[in-house]
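Okay, structure first, notes after.
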Amino acid sequence: MNLSMKTENTCPSLVAKDYRSDTKPVWCPGCGDFGVLLSLTKSLAELQLNPKNVAVISGIGCSSRIPAYLNTFGFHGVHGRALTIGTGLKVARPDLTVIVAGGDGDGFSIGGNHFLHACRRNVDMTYIVMDNELYGMTKGQASPTSAPDWEYGKLTPGGTHMKPFHPLVVGLASGANFIARVSGTNPNGAVPIISEAIRHPGFSLVHVLSPCITFNREQLEWKKMVRDAVVPTTNDAGKAARYLMSDDGFNLGILFKGDRLPYDLKSEKTVDGPADLEAQFSV
Amino acid sequence: MTEQSISITMTGSGGSGVMTAGNMLLDAAGRSGLFGIMTRSAGPQIRGGEAAAMLRLSNKPILSHKDQFDILLGIDWKNADLFASEIVLDNNSITIGETGIPQAFTESAGRHYELSVAEIAKQIPDGRANMVALGVAAKLISIPLSAIKEVLTKSLLKQKGEGAVRSSLEAVEAGMAAASAIPSIPAPTADPEAAANNWSITGNEACGMGAIRGGIRFVAAYPITPATEVLEWLATNLPKLGGKLVQAEDELASINQAIGASFGGVPSLTATSGPGIALMTESLGLSVASETPIVVIDVMRGGPSTGIPAKSEQSDLNIAVFGLHGDAPHVVTAPLTIADCLMTTQWSVYLAEKLQTPTIVLSDQALGQTRAVIPGVPDAGYEPERAIAVNPDKTYQRYADTENGVSPMSLPGTESGQYTADGLEHTQSGRPSSKAEDHHRQMNKRLRKIKGFDFGDNWAEASGDDDAEIAVLTWGSSFGAISQAVEELRQSGQKLRLIGVRLISPAQPERMKKLLNNVKKVLVIEQNHSGQFYHYLKAYYDLDAEIKSIAIPGPLPILPSQVRQYLRDWSQI
Ligand SMILES: Cc1ncc(C[n+]2csc(CCOP(=O)(O)OP(=O)(O)O)c2C)c(N)n1
């Protein structure tokens, strides 16, 4: 538990809308990201976090616009690098609650390498990926999670013919310490899961099915397809892997909760100031 | 006290320990009160392979090698001819070593002394040829045995035990004995007492120390030659001050980690070389637009692409100044000497923090990987002075259009200070905006804070004759050889002015004008192929004088003799 979660620093009186800024989202009607924004503000209220102690970091994309809609600190960076900004911030300021958010293109394509290493490094932060299986902001190209036969990707007419990236399996294999799937179509169901992800030490991955009905009308069906996972949360990576490899991608819940210790750079001050380092240069 | 110096190169093949011997010779010379530099040259192999340790020792602090080496000492001659273009000898030079000296050297050197350090080493239990060579070199240039003994004890006792110290010492003494057959060579002498204030330091270590003095407490690291030692030195020293260093997965990560940490209020840095700076350019722009200060040290090497990793070149000026897309005002500095790596890096941290913008420090391999014995460098006193928002209220605007362009920054954890930092163009409060008025206001503000800032006297180092009609303009490590050449010519009566520019960007045309008062001819010397600094001067400075470019690409260092030649030719025209 970081300092911002300690009772003396929390704000019990706040409600979800206190975590919203007055900036109006750019999202299209029906976008799943509205649900994520609602869930996240409800989680922050549930955790009673003081907005001044929370930083939400993002990359570029429709989903990555989310920091501006919150009343917390935020950083809207460049495409694909959200996790790295979050890593630097959390290592430098362990007292804060750091949440990284963005899209599937941002996180798994241009930022794919950082995703792997963020899972491995296990810095205590939460990564919320709003997956719409396409690039929304650039108006409808295929993303790493697009179905191979999705015909309407504007740069891949006829389909990508590539195996979709499996964020949860890759995340698990790379060492993510908490793995969950939620849906933007069921904001209330996502709240306790996002709260638990923020509370859980280490790197928590929350994969959100967040439909983009502007560029893929079929995703209107997601609302009906999602269901709660019937398996209990496990700390056994083998079990979790088998489950994740065989489920159809619509089971919601906390699917893995590991117990690795979070990344911690020990740096005890042992000298008073820079002058104390000079002796090593004496001839 | 007139300057006396001696130059010696030791060569050897893989595993011969030539670098160890060179470092020990430099350290022993340092202990005996001398100043000096040691550069290293090696083949492409990571371990083993031919190598040369090149030293120049002097009774005064020095910035560069001389034109020739006085002594070439071969631990063996295998592949030593690969260094023929770097190790220049003349008929006053001597070579020492076993039979089979490469022809390149027999042709140029005056005398040759046959002496096999390997054979001598064989006579000593656990004797090593490099330690015999150390003894030979020490004897020839009159470094006392006591200084060698101190260095051996310091570097071997803990790791390898008393036995190793004893056998090494025996080998050194055998080398000294063997060298007594060689006529002694006039060598500089010094006062051992003076050594107490001297430092042995590389440019890369100096950048690391300058960063820490400047207040850097977060570093993100991705290894690359020849910048790695900046990061490795920080990895062990930064934590002692409570700072943190993270090894990142690539340079895209390292620069953004630095941005993230700085957003959190901690002065942050990363160091890299050409290929890394190329990867970082997008996020340098993010640092500009979001006004999040960071320092990026680029220890330049031969380019483009992978280029020549372990050799120096000053060819990243263009990317550092112009590499960012959009109009992106930022600061670029360049240290002139190894000692100056301390001040320039410390100052650069100050500038980044003060102006809330990225500062790129253009060091180079010749500074970074050369070890020098120099007078200890005092702390320049620069500390981070970031404008922080204190007690912000509801009206707080992160990107407020202030008079000097610097807007107080609210740090996470500050009551009512919440805002979203953004690389998208934004309003004063930070809300994304594509309106012309917001774009223009923010661009003006970002330019004003840098243009309007008084950079003071640090911007350049000027020396020489006030009434000279010829000036030499340079930057970076070339300053060393050029200073040497200019001093030599001035001693022979020529009037010259030398200007080493430390603040590359923003340009300081008014200040330059004052320095070039009376000057009719300007020679611009730099180590790259296209004259990047020359073209930059032509574009951003208003120079009345006749101006000529001397651009000599790496990998070989610019020599004082070349500079003297150019200056003679130029002054006769
Ligand atoms: C370096 C770089 N390349 C490309 C882009 C253009 N771009 C902006 S957003 C985006 C993809 C966004 O997709 P995703 O991350 O899935 O987010 P979504 O918009 O779907 O929420 C791209 C390619 C960019 N901004 N920067």
If you take the C-alpha gyration tensor of region B:457-573, multiply each eigenvalue by 5 and take the square root, what semi-axes do you get, largest first, in whole Å?
19, 17, 13
Just name one of A:T160, A:N216, B:P557: the one whose Cα is farthest towards the positive end of the charge dipole of the protein assembly as shown (beta-carbon charges, Lys/Arg +1, Asp/Glu -1).
A:N216
Looking only at lysines whose Cα falls under 19 Å of B:K435's and that sit 8 or more positions away or on another chain, we get A:K24, B:K445
Count, lysine Cα pairs under 16 Å in region B:457-571, 8 or more residues apart or across chains
9
Expressed to one decimal in nm², the mean projection of the alpha carbon convex hull of region A:201-270 is 7.5
Strictly over 26 Å apart at the Cα level, which of A:K17/A:K52; A:K52/A:K257; B:K160/B:K311; B:K154/B:K240 would you flag in this model?
A:K52/A:K257; B:K160/B:K311
DSSP loop trypsin sites (Lys or Arg not before Pro) in region B:487-527 with at most 12 other Cβ atoms within 10 Å of their Cβ, which ones?
B:K520
Can you compute the FRET efficiency between B:D81 and B:L556 using 1/(1 + (r/R0)^6), with r the Cβ-Cβ distance and R0 = 22 Å? Round to the nearest 0.05.
0.90
Quotient of C-alpha Rg and 2.2 N^0.38 Å, computed over region A:40-191
1.05
Net charge near B:F69 (other residues with Cβ under 12 Å of its Cβ; Lys, Arg +1; Asp, Glu -1) is -2
Just grab the label-to-label distance for A:L220 and B:A181, each label 7 Å out from Cα along the Cβ direction, in nm (one decimal).
9.9
Sparse-neighbourhood loop hits (trypsin sites (Lys or Arg not before Pro), region A:1-68; DSSP loop; Cβ within 10 Å at most 16 others) -> A:K6
Per the Kirkwood formula on distinct C-alpha pairs, the Rh of the protein assembly as shown is how many angstrom?
29.5
Taking only the alpha-carbon atoms of region B:182-241, what semi-axes of the equivalent ellipsoid follow from 5 times the gyration tensor eigenvalues under a square root, in whole Å, largest first?
34, 16, 8
Restricting to DSSP loop positions (anything but H, G, I, E, B) with no more than 15 other Cβ atoms inside 10 Å of their own Cβ, which trypsin sites (Lys or Arg not before Pro) remain in region B:34-129?
B:R47
Take the Cα atoms of region A:1-104, find their three principal axes, and give me the spread along each one in whole Å, biggest first.
39, 29, 19
Report the charge-dipole magnitude of region B:387-453 in Debye, nearest 20, computed about the Cα centre from +1 at each Lys and Arg Cβ and -1 at each Asp and Glu Cβ.
240
How high is the relative contact order of region B:356-490, in percent, with contacts defined as C-alpha pairs under 8 Å that are six or more residues apart?
21
Counting only C-alpha contacts under 8 Å and six or more residues apart, can you give the relative contact order of region B:102-250 as a whole percent?
20
Ellipsoid semi-axes in whole angstrom, largest first, where each is sqrt(5λ) of the Cα gyration tensor of chain B:
46, 28, 19
In nm, to one decimal, how far is the modelled label at B:E232 from the one at A:S246, with both set 7 Å along Cα→Cβ?
5.0
Using a Förster radius of 35 Å, what is the FRET efficiency between B:R40 and A:K269 based on their Cβ-Cβ separation? Nearest 0.05, please.
0.50
With a/c under 1.5 counting as rounded, go ahead and sort region B:1-102 into rounded, prolate or oblate using the C-alpha gyration tensor (a ≥ b ≥ c being the square roots of the eigenvalues; past the cut-off, prolate if a/b is larger than b/c, else oblate).
prolate
Under the rule a/c < 1.5 gives rounded, and otherwise a/b versus b/c splits prolate from oblate, where does region B:387-453 land using the Cα gyration tensor?
oblate
For region B:346-442, state the average projected area of the convex hull of the C-alpha atoms over all orientations, rounded to one decimal in nm².
9.4
Dipole magnitude of chain B about its Cα centre, charges +1 at Lys/Arg Cβ and -1 at Asp/Glu Cβ only, in debye to the nearest 20?
380
Assign unit charges at the C-beta atoms only (+1 for Lys and Arg, -1 for Asp and Glu), then state the dipole size of region B:1-132 relative to its Cα centre in Debye, rounded to the nearest 20.
400
Which whole-number percentage describes the relative contact order of region A:16-279, with Cα contacts under 8 Å and a sequence gap of 6 or more?
18
Kindly put B:I547, A:I99, A:I193 in sequence by how many other C-beta atoms sit within 10 Å of each C-beta, fewest to most.
B:I547, A:I193, A:I99
Would you list B:V246, B:V377 from fewest to most Cβ contacts within 10 Å?
B:V377, B:V246
Positive-end residue of A:F108, B:Y540, A:S183, charge dipole of the protein assembly as shown with Cβ unit charges
A:S183
Give me A:C28, A:C212 ranked fewest to most by other Cβ atoms within 10 Å of their Cβ, as a rough exposure proxy.
A:C28, A:C212
Could you run the Debye sum over the Cα atoms of region A:138-219, one equal point scatterer each and no solvent, and tell me log10 of I(q)/I(0) at q = 0.14, 0.19 Å⁻¹, two decimals?
-0.60, -0.92
What FRET efficiency comes out for B:R568 versus B:K514 if R0 is 35 angstrom and r is the Cβ-Cβ distance? Round to the nearest 0.05.
0.80
If I model a spin label at A:K139 and B:D250 as a point 7 Å from the Cα along the Cα→Cβ vector, what separation in nanometres do I get?
2.8
Could you work out [θ]222 nm for chain A from helices alone, using -39500 (n - 2.57) per DSSP H run of at least four and dividing by all its residues? Round to the nearest 500 deg cm²/dmol.
-7500 deg cm²/dmol
Shape call, region A:16-279: gyration tensor on alpha carbons, a/c limit 1.5
prolate
When the Cα atoms of region B:200-375 are enclosed in a convex hull and the volume is divided per residue, what value in Å³ results?
92
Taking every DSSP bridge whose two residues both lie in chain B, the antiparallel percent to the nearest 5 is 40
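We did not get these values from a lab; they are worked out from the coordinates using the rules stated. Bear in mind the structure is a predicted one, so any value in this text is a computation, not a measurement. When we count neighbours, we look across all protein chains shown, and the Cβ atoms used for this are built from the backbone with ideal geometry, even at glycine.
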